Amino acid sequence: MNKTITIIKGDGIGPEIVTEAMKVIDAIGQKYRHQFIYQEVAAGGNAIDQYGTSLPKESLEKCLNCDSVLLGAVGGPKWDKTDPSIRPEKALLSIRSEMGLYANLRPAKLFPQLSEASPLKESIVNQGIDFVVVRELIGGVYFGKRSTTTENNELIARDEMSYSEHEIKRIAKIAFETARKRNKNVISVDKANVLDTSRLWRRVMEQTAKDYPDIQYTNMLVDNTAMQIVKCPSQFDVIVTENMFGDILSDEASMITGSIGMIPSSSLGNGTRGMYEPIHGSAPDIAGQNIANPIGTILSAAMMMKYSFDMARESENIEAAVHSVLNQGYRTTDIMSSGKIKVSCTEMGKLIIENL
Ligand code: IPM
Ligand code: MG
């Protein structure tokens, strides 16, 4: 098969980790006789420096004209004072929205080899952590009207949060379909005791649940969910929630696995074209030192193969290689523990390729 991948290396550790993922993709291409063609584009802080905008038109066009996008990470303190309309994060939000990627899947899965790295008690970790956060990605307060104005001699800021039925319905379907391929349990997370958007969310979720009688469905309030994720993470299979709650809960979920550097994500819309990225940020503090963990990005490439390219075998091959390397005791700095072998970002990439 021939597949064109738009590459956004981004900022901070982005270029290092994406470079390793591209080497893995190339190796898979050779092994299974696919041709992966890259079109690399600028987005994020580096694009602001070069072009004065975080998302040049040409970059967006290439995201819209390809088979999928692989992204490292964008942003960093250097651009913290940049005008909000061109901030690095703005690029990410625009790509998500322009590509129509409303469904963001963020798995929280404990690698048994790394269970010691979890900040949770052993008795909790031993019950297992294996769930996925299905986050609505192009609606809610992230994309509502916003303003900062002066009223009565003081500044007042507003961010509008809105959800329409169709936006909720389509993400509900994704959650139930995802659960069907997993342990058939969906927990929808909202703040229906306070917010109108949440009350509508719950209504549409409950309606949709009726079409999936084989799936166990419950509602949970977001504050309680934050608590339950650290208290009893084994109860979760699929969590579905709106954009901002999903942003927050998915960071919490990744943290309890002890290895934020290992977790991939997919963002999809109605077609097969998606965007794939590790869930961690650009980690400017360790950029350029060849110590970042490329596994989250490499597993994102694996997700791309499975969900966008219909290459399940290739995807499983990458996942198995990652497991082998961990079993052999190799660790990047972020997941290092005593008795293990510390390797650099490039060494980790190389080891994974050797284990394909
Ligand atoms: C994420 C990030 C982004 C988000 C930022 C960088 C805009 O935190 O992908 O979770 O809030 O969606
Ligand atoms: Mg986030």
Q. So how far apart, in nm, are the two label points at T218 and N183 if each is 7 Å from Cα heading toward Cβ?
A. 1.2
Q) So, by mean Cβ neighbours within 10 angstrom, what's the order for 276-285, 335-344 with the highest one leading? A) 276-285, 335-344
Q. For the chain, what are the per-bin percents of Cα-Cα distances with bins 20 Å wide, up to the bin holding the maximum?
A. 29, 60, 11, 0
Q.
Apply the a/c threshold of 1.5 to the C-alpha gyration tensor of the stretch 119-256 and tell me whether it is rounded, prolate or oblate.
A. oblate
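Would you kindly state how much longer the chain becomes between D211 and N126 on full extension, computed as 0.36 nm times their sequence separation minus their alpha carbon distance, in nm to one decimal? Could you put the intermediate results ahead of the total?
On the way: separation 85, 0.36 × 85 = 30.60 nm, distance 3.41 nm.
Answer, rounded to one decimal: 27.2 nm.
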Q. Which FRET efficiency, nearest 0.05, do M336 and N153 yield, Cβ-Cβ r, R0 56 Å?
A. 0.55
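Please sort 319-325, 302-308 by packing, taking for each peptide the average over its residues of neighbouring beta carbons within 10 angstrom, highest first.
Numbers: 319-325: 17.7, 302-308: 22.7.
My ranking of the peptides, most packed first, is 302-308, 319-325.
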Q. What are the lysines whose alpha-carbon lies under 21 Å from the alpha-carbon of K191, with same-chain residues fewer than 8 places away excluded?
A. K145, K169, K173, K231
Q) Which distance in Å, rounded to a whole number, links the C-alpha centroids of the stretch 156-180 and the stretch 289-356? A) 32
Q) If you build a Gaussian network model of the chain, linking Cα atoms that sit under 10 Å apart, which residue out of T150, T197, T82 swings the most? A) T150
Q | Chain lengthening between I37 and Q289 when straightened (0.36 nm per residue, less Cα-Cα) | A | 87.9 nm
(Q) Given a 10 angstrom Cα cut-off, can you work out which residue in G140, G52, G261 is the most mobile in a GNM of the chain? (A) G52
Q: Please turn the phi angles of the stretch 239-252 into ³J(HN,Hα) values with the Karplus equation 6.51 cos²θ - 1.76 cosθ + 1.60 (θ = phi - 60°), one per residue in order, whole Hz, x for glycine and proline.
A: 9, 10, 7, 6, 3, 6, 4, x, 4, 6, 5, 6, 5, 4
**Q.** Shape metrics for the stretch 69-114, restricted to C-alpha atoms - Rg then Dmax, Å
**A.** 14.6, 43
Q) What is the set of long-range amide H partners of Y38 at a cut-off below 5 Å, with H atoms built 1.01 Å from backbone N? A) I5
Q. What do you get for Rg/Rh over the stretch 248-327 if you use C-alpha atoms and the Kirkwood form of Rh?
A. 0.99
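Go ahead and estimate [θ] at 222 nm for the chain from helices alone: -39,500 (n - 2.57) per DSSP H run with n ≥ 4, summed, over the residue count, rounded to 500.
Numbers: 12 runs with 142 residues, N = 356.
Dividing the helical sum by the residues of the chain leaves -12500 deg cm²/dmol.
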Q: Choose one answer from V141, V189, V18: the residue with the largest mean-square fluctuation in a GNM of the chain with alpha-carbon springs under 10 Å.
A: V141
Q: Output ³J(HN,Hα) for the stretch 175-184: one whole-Hz value per residue in order, computed from phi by the Karplus curve 6.51 cos²θ - 1.76 cosθ + 1.60 with θ = phi - 60°, and x for Gly and Pro.
A: 5, 5, 5, 4, 5, 4, 8, 10, 9, 6
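FYI, it's all coordinate maths here, none of it is from the lab. Note that this is a predicted model, so its numbers are computed, not measured. Glycine gets a Cβ as well: all are built from the backbone with ideal geometry, and neighbour counts include every protein chain shown.
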